[in-house]
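First the structure, in the form of structure tokens, and then the observations on it.
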Amino acid sequence: MTEKHEIAVFGGGCFWCTEAVFRMLKGVISVEPGYAGGPSTGGGRVPTYEEVSSGETGHAEVIRIEYDPSLVSYHDLMTVFFASHDPTTMNKQGADVGTQYRSIILSTSDEQQKEAESFIAELNNESKDGLPTQSGVPIVTLVVPFEKFYSAENYHHDYYASNPNKGYCAMVIDPKLEKVRKEFAALLSDKSKQK
């Protein structure tokens, strides 16, 4: 990471989805799926997918985003994050259920913590045509300080790009990507605009 790049860590359900979404954005240098939000495993041991999937580790499936803030802001990243998953469901995204699928922002600085808390407060108070957003259901996304990131096993990296024809990709990830293409065209990388 260069001095000009920053890190954002988000969990919004299955990391195959969030990784694919954030790889589309301009200014995103890298996206790495992994686990965070639970206690340290100690001794440098990395939790496995099976352990995290059990719901007993306290970790969530997350992505670690390295980005260039001169090309995409933290606010823009949060906007896409909240639009690309359901931040009103506790420990659930679609058919994926368990604490490992919780909506979570792991702030890497005091500034990120404050910005995320303010962003959520605005979403909870925002209305369209006199109606509350999210059907009046409050945002349940946790905002906690980042502590430790554990990279996921290699087969999870670039999952969508490697498996675009798998059922989960077609049924769950493709609609999220299409939504981002439609709603956030100005934030897409040139490569993503061509698809």
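Laboratory data are not the source of any read-out in this text; all were calculated from the coordinates shown. If you're wondering where the values come from, they're calculated on a predicted model, not measured in any experiment. Here the Cβ is made from the backbone with ideal geometry for all residues, glycine too, and neighbour counts use every protein chain on show.
This model, with +1 at the C-beta of Lys and Arg and -1 at the C-beta of Asp and Glu, gives the stretch 1-93 a dipole about its Cα centre of some 80 debye. Distance from a point 7 Å along Cα→Cβ of ASN91 to each backbone N in the stretch 142-161: keep the residues under 19 Å and list them by number. Counting only backbone N, you get 142-144.
Evaluated with a Cβ-only charge set (Lys, Arg +1; Asp, Glu -1), the chain carries a dipole of roughly 520 debye about its Cα centre, given to the nearest 20. Only DSSP H runs of four or more residues enter the estimate; each adds -39500 (n - 2.57), and after division by the residues of the chain the mean residue ellipticity at 222 nm equals -8000 deg cm²/dmol.
Pairs from the table (LYS4/LYS26; LYS4/LYS114; LYS26/LYS191) lying more than 19 angstrom apart at Cα are LYS4/LYS114. For q values of 0.09, 0.10, 0.16, 0.17 Å⁻¹, compute log₁₀ I(q)/I(0) with the Debye formula on a Cα-only model of the chain, without solvent. Taken in order of the listed q values, log10 I(q)/I(0) reads -0.31, -0.39, -1.05, -1.20. Report the relative contact order of the chain, percent, no decimals, based on alpha-carbon pairs under 8 angstrom and at least 6 residues apart. Value for the chain: 31 percent.
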